[in-house]
Amino acid sequence: MGEQTTLIYQNVDDSSYSGAAILYQGHSFVALNTHQSLRNRYFSAAHELWHLCITSDLLGTSADILRDQAKRTGFDTERAADHFAAAILMPQNAIRLSWHKLVRESDDDGQLKRAVIRIANVAAVPYVAVARRLSELGLLDNPKIVKLTEKKWQDFLATTDFPLSPLDQPVIFEKFAAFAHLTDDLVEKGQLSLMEAANLMTNVEPERAKQYLVQHRQSADLDDD
């Protein structure tokens, strides 16, 4: 996705915001919230890819079929995006093989939940996404497990011997590489001062903003000498 669209990494302290897909003047952008856990961020990236696919030419002529489907009355675009992400990150054949191997026709709630967790860790996706995918494929017929929230999954994990997963933690950073490269170019051409560049980068890439400030101070010190 990074080769055909511009990625923007944001740090937004809002559990309800995962990201967004934007098409502007023929250019596609995807914003991802790094305040979310890694597994949620990975799933969000695939989710936003769906939105790009039906608003751009990423899939070529196949996009026309998707757009026609999306225009139907009652079509749930967000649910379709989740289904698309699940299909990409959890291919049907791989999920079926893994599930049958882990469960072996058991209907024990504890074993079923542990199987969901193992698949979620391998696929690097949210636990709720795995349970929903298994339900859609007719593999998990247990409403209580399918309806568990991510918080309930965390509560269950706390009662097991599973080690803490780094996938459940956020890797917080902010990055807008395309904008940063443009800013660098303007500074090199003398069209932006170091202070102006620092101000532009403050809410986009704070670390880069600090670098500009250091360069500005060093430049000021040399001028004083």
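Of the residues screened, Tyr42 is not one that is part of a strand (DSSP E or B) and either out of contact with any helix residue (DSSP H, G or I) (no Cβ under 8 Å at 6 or more places or on another chain) or touching a residue at least 40 places away in the same chain (Cβ under 8 Å) (or both). Inside segment 16-39, can you point out the residues that are under 24 Å from Glu207 (Cα atoms) and either in a strand (DSSP E or B) or open to solvent by 60 Å² or more (accessible area, probe 1.4 Å) (or both)? Selection gives Gly19, Ala20, Phe29, Val30, Ala31, Leu32, Asn33, His35.
Note on segment 72-169: enclosed helices (runs of 4 or more DSSP H) holding 2 or more residues that are open to solvent by 50 Å² or more (accessible area, probe 1.4 Å) and in contact (Cβ under 8 Å) with a residue 40 or more places away in the chain are 77-89, 92-103, 109-123, 127-136. On inspection, Val214 does not qualify as over 30 Å from His83 (Cβ atoms), touching a Phe, Trp or Tyr at 6+ places or on another chain (Cβ under 8 Å) and open to solvent by less than 80 Å² (accessible area, probe 1.4 Å).
Taking the criterion of being loosely packed, with under 15 Cβ neighbours inside 10 Å, among the hydroxyl-bearing types (Ser, Thr, Tyr) and modelled with pLDDT under 95, would at least one residue in segment 175-183 satisfy it? Checked segment 175-183: no residue is loosely packed, with under 15 Cβ neighbours inside 10 Å, among the hydroxyl-bearing types (Ser, Thr, Tyr) and modelled with pLDDT under 95.
The values are calculated or read from the model by the stated rules, or taken from the named source; none is laboratory data. Quick caveat, the model's predicted, so the values are computed rather than measured. Ideal geometry is used to build each Cβ from the backbone, glycine not excepted, and the neighbour counts take in all protein chains shown. These accessible areas exclude ligands, DNA and RNA; they are computed on the full protein's heavy atoms, side chains included. Shrake-Rupley method; radii C 1.70, N 1.55, O 1.52, S 1.80 Å.
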